[in-house]
Amino acid sequence: MRALVTGGAGSLGCRLVERLAARGAVTVLDDLSTGTRARLAPLIDRGAVELVRGDVRILSDVDAVMSGHDAVFHLAASAEHGDSDDTRLDLEVGTIATHNVLEAARRRGVPRVVLSSSAEVYGDVDGPVDEADLGALPSTLRGASKLASEALAAAFARTFAMSCVVVRAGAVVGPGRAHPTLTALDARIEAATDALLLGGDGERLAGFTHVDDWVEAALLAFDRAPAPLSALNVAPRDLLREDALVAARLAASARPSLPVRFVPGAPPLPWPRVQLSGERLAALGFAPSRGSEEALGDARKL
């Protein structure tokens, strides 16, 4: 198999590329705005991977590398976390880029597309959701862009007899890949004086998926998800309470004895609200190998 990976020089993409290189030749399309050649250097040096510098927002850049591939994994995304004052950012790097990937794949006869999506498509909901729970509209620009991208994938699959797989994930962490919750928590630990003060009661729940489990899920979805269109959640193995997450992160920090208090009025941590149900992917044989705490531990290796 010969695969194309957009965003393949990023912290998530490079781990997928490594696995795909064991199956055959891999082409990586990346503008290197956040990705680096160094992540792929061993694979490039032995001829297993070709790195092409290009912009997924430009159709000609995508079209130029699409021919001759059996599949494309579309991971390219904005480096921004949360909404930006540049309201075109997610539109361009998300929806327009996805259109370009789908259109180039259609033109060049690439039979299967895997789209990396997000739990943000579910909007502001409480409790677990499965793939059919799209009653709430997204409340973030990234979520809106991802939902539009999924709609494009569905339309291309049905209209042009393509095969598209949508892989939705929440908080994906691991070596080289943090999360806004962890970034904010680390900053507050460093800035705290006598105690770490956090808003809320510490009882919120969230799950964290290790990057290698995401890669395993994406490959399994590629291999086994039914055509022409499948949408699959990558659910974490377990959930952590916020107070347990803070305690674990604090214990691994340079200030393990810093007192923690959850108090009304203090600023809360940004928090992944959506809890994904992963029954569809589990039915295909997926089981995460790591729990949330282990994934968070590896996220310190930045």
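The values are calculated or read from the model by the stated rules, or taken from the named source; none is laboratory data. Keep in mind that this is a model prediction, so the values were computed, not measured. Because the Cβ atoms are built from the backbone with ideal geometry, glycine has one as well, and the counts that use them run over all protein chains shown.
So the values come out like this:
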read-out: Criterion: among the hydrophobic types (A, V, I, L, M, F, W, C) and modelled with pLDDT under 95 - qualifying residue of Ala77, Ala64; value: Ala77
read-out: Verdict on Leu245 being hydrophobic (A, V, I, L, M, F, W, C), within 23 Å of Ala169 (Cα to Cα) and in a loop (DSSP other than H, G, I, E, B); value: no
read-out: Test result for Leu281, of a type outside the set (Lys, Arg), modelled with pLDDT of 95 or more and not in a helix (DSSP H, G or I); value: no
read-out: Helices (runs of 4 or more DSSP H) fully within region 14-126 counting 2 or more residues that are within 19 Å of Ala151 (Cα to Cα) and not polar (S, T, N, Q); value: 97-108
read-out: Residue satisfying all of: in region 131-188; on the phi > 0 side of the Ramachandran plot and surrounded by fewer than 22 Cβ atoms within 10 Å (Cβ to Cβ); nearest to the chain's Cα centre (by Cα) among these; value: Gly176
read-out: Counted residues, region 161-180 - those being outside any loop (DSSP other than H, G, I, E, B) and in contact with a helix residue (DSSP H, G or I) (Cβ under 8 Å, 6 or more places away or on another chain); value: 12
read-out: Extreme residue, farthest from Pro175 (Cα to Cα), among residues of region 249-278 that are outside any loop (DSSP other than H, G, I, E, B) and in contact with an Asp or Glu (Cβ under 9 Å, 6 or more places away or on another chain); value: Phe262
read-out: Pair list, Cβ < 9 Å and 6+ apart or interchain, from region 201-215 residues that are farther than 24 Å from Ala266 by Cα and in a helix (DSSP H, G or I) to residues that are at pLDDT 95 or above and acidic (Asp, Glu); value: Val215/Glu18
read-out: Residue satisfying all of: in region 238-258; more than 29 Å from Gly13 (Cβ to Cβ) and out of contact with any strand residue (DSSP E or B) (no Cβ under 9 Å at 6 or more places or on another chain); surrounded by the fewest Cβ atoms within 10 Å (Cβ to Cβ) among these; value: Ser257
read-out: Members of region 216-234 that are in a loop (DSSP other than H, G, I, E, B) and touching a residue at least 60 places away in the same chain (Cβ under 8 Å); value: Ala225, Ala227, Pro228
read-out: Sole residue being at pLDDT 95 or above, among the small types (Gly, Ala, Ser), touching a Gly at 6+ places or on another chain (Cβ under 9 Å) and crowded, with 18+ Cβ neighbours inside 10 Å, chosen from Ala235, Ala206, Ala231; value: Ala235
read-out: Residue satisfying all of: in region 181-200; in a loop (DSSP other than H, G, I, E, B) and touching a residue at least 60 places away in the same chain (Cβ under 8 Å); nearest to Arg39 (Cα to Cα) among these; value: Ala192
